[in-house]
Amino acid sequence: MADRYLRITGTAPGRFLTRRLGLPQPAALVRWSAERPALDGGLLHLTAGSSALDLAPVLARTGVAPAGSGRTAAVVLDATGVRDVEGLAGVHAALHPVVRSVADSGRVVVLGAPLDPADHHQAAAQQALEGFTRSLGKEIGRGRTVNLVRLTDASAAESTLRFLLSPKSAYVSGQVIEVGPGEEASEEPGEGPGEEPGEEASEEPSALVDRDRPLTGRTALVTGAARGIGEAVAETLARDGARVVVLDVPQAEQDARRVADRIGGTALLLDITAADAGARIAEALPDGLDVLVHNAGITRDRRLVNMPVERWVPVLEVNLASVLRTTDALLKAGTLNRGGRIVATASIAGLAGNAGQTNYGASKAGVVGLVRSLAPRALAEHGVTVNAVAPGFIETKMTAAVPLFIREAGRRMNSLAQGGLPVDVAETTAWLADPGSGAVNGQVVRVCGQSLLGA
Ligand code: NAD
């Protein structure tokens, strides 16, 4: 499973040789740790054109100090006021002189506005920011990431900026994330089922949230959490303060209990495809659930011509049908508390397609459809957000089983020239699960190092 190439390029002779041969140069990514929770350097706040955003107080709360004369670890370019091609020159003027000085594993975050359907010049200029962001992501190198956030209200985007401007987003690059106006009703955690919807909308005052443990007092359930990405998600949500229920199949009992014991959670042994899975989860959680992570997933690869129905059905059942069924059951039963979060797991194979994975690609694209359709209704009717993470090549047992040549291609064919780690998907899930992320809804966020697949 180890990425030997990454280790070789981490040595001086290895770097010299691979550079001479014109081979990819993956940088050692800086990830979050308790000892190193923030980016190493300061933040440069730039603006292209005029902006109506009240950004400075929000940036001040992200935990990255202004860059001053020191090292620049992050640049935030507010381009929300760009309304035409002339305005785009301001984007070039702002970033051209500073991009070279952004530190290794640093961040560039471009802020854009929603496209105005009544003004095609504004829409053209704002859409241009996507092409700009994705192109800069592909060329910037040295473990640095570039993302675009479309927003109208800076404070509603605080949790998103906090995530993107931290080591937690190490493998998220080339993404366009839309943050709504922040109308979500903020609720106390742990409210029982059956609360009346439609209460007064208000943003969670960030001063009252424990920034180190934002999920304190909340209950999370992660399916397929006995190993791999699910295990990392369970650990990360527990780190953030949640009581975590580790759900996995009865055959994985030992691993599920080991994970649950380690993080002070509980194990729930259950095949998620069981017809009564939703009812059994609801029964196990009489005080309701705040964060539901649909992570369990399987592959049964074959080209369609060679794929018997026995390989088609289980993939669609585990990856999609059970996600739809349990989501419906838990929303209907009122198990998901208001202020709740659903995070489903798609895949770049569901966005771009992958040879030998018609079943898997269909199931994961189905997850995207579910998220896009349900998100606005779930928020309006239940106060619950619905988003998806779409992992790219992540180093797990699933990808260790991929033949060597395809595995190497998967690792290198992205802007960061390496595979991601389960914790990268976990950190992204934790951001979406954050009580402060109520304005992030209906998003499919790729955790793929800006993979060339479906880019
Ligand atoms: P994994 O195989 O290591 O772990 C999956 C877990 O799900 C296992 O513990 C398994 O027992 C559990 N599970 C399977 N069927 C279940 C069922 N019916 N009920 C309950 N639990 C069940 O996989 P992973 O690599 O950690 O992937 C996790 C998720 O991420 C999956 O949805 C996968 O499709 C998705 N994903 C992974 C990658 C990657 O590169 N690893 C890429 C894209 C998407």
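Select from segment 378-419 the residues that are assigned to a helix (DSSP H, G or I), touching a helix residue (DSSP H, G or I) at 6+ places or on another chain (Cβ under 7 Å) and modelled with pLDDT of 90 or more and list them in ascending order.
ALA378, HIS382
I'd like the residue in segment 216-241 that is assigned to a loop (DSSP other than H, G, I, E, B), of a type outside the set (D, E, K, R) and in contact (Cβ under 8 Å) with a residue 60 or more places away in the chain and, out of all such residues, is nearest to the ligand (Cβ to nearest atom).
Across segment 216-241, the extreme among qualifying residues is GLY224.
Considering only residues that are within 15 Å of the ligand (Cβ to nearest atom) and assigned to a loop (DSSP other than H, G, I, E, B), look in segment 266-291 and name the one that is nearest to ALA333 (Cα to Cα).
This residue is ASP276.
Just give me the residues in segment 292-314 being more than 9 Å from the ligand (Cβ to nearest atom) and of a type in the set (A, V, I, L, M), in sequence order.
Hits for segment 292-314 are LEU292, VAL293, LEU304, VAL305, MET307, VAL309, VAL313.
Taking ALA333 as the residue in question, decide whether it is within 15 Å of the ligand (Cβ to nearest atom) and either touching a residue at least 12 places away in the same chain (Cβ under 8 Å) or within 30 Å of GLY174 (Cα to Cα) (or both). Reasoning before the result, please.
Working: within 15 Å of the ligand (Cβ to nearest atom): no; either touching a residue at least 12 places away in the same chain (Cβ under 8 Å) or within 30 Å of GLY174 (Cα to Cα) (or both): yes.
Answer is no for this residue.
Which numbered condition trips up ARG31, out of (1) at pLDDT 95 or above; (2) assigned to a loop (DSSP other than H, G, I, E, B); (3) farther than 17 Å from ASP104 by Cα?
Among (1) at pLDDT 95 or above; (2) assigned to a loop (DSSP other than H, G, I, E, B); (3) farther than 17 Å from ASP104 by Cα, the lone unmet condition for ARG31 is (3).
Kindly evaluate THR429 against the criterion of being of a type in the set (Ser, Thr, Tyr), modelled with pLDDT of 95 or more, away from the ligand (no atom under 16 Å from the Cβ) and under 15 Å from the mean Cα position of the chain (by Cα).
It is false that THR429 is of a type in the set (Ser, Thr, Tyr), modelled with pLDDT of 95 or more, away from the ligand (no atom under 16 Å from the Cβ) and under 15 Å from the mean Cα position of the chain (by Cα).
I'd like to check something: does segment 372-388 contain any residue that is within 16 Å of the ligand (Cβ to nearest atom), of a type outside the set (Gly, Ala, Ser), touching a residue at least 60 places away in the same chain (Cβ under 8 Å) and within 20 Å of VAL440 (Cα to Cα)?
No, segment 372-388 has no match at all.
Of all residues being farther than 14 Å from ASN147 by Cα and charged (D, E, K, R) in segment 76-133, which is surrounded by the fewest Cβ atoms within 10 Å (Cβ to Cβ)? Just the residue, please.
Among them, the one singled out is ARG100.
The values are calculated or read from the model by the stated rules, or taken from the named source; none is laboratory data. All figures in this text were calculated on a predicted structure; none of them were measured in a lab. Here Cβ is always computed from backbone atoms with ideal geometry, including for glycine, and neighbour counts include all displayed protein chains.
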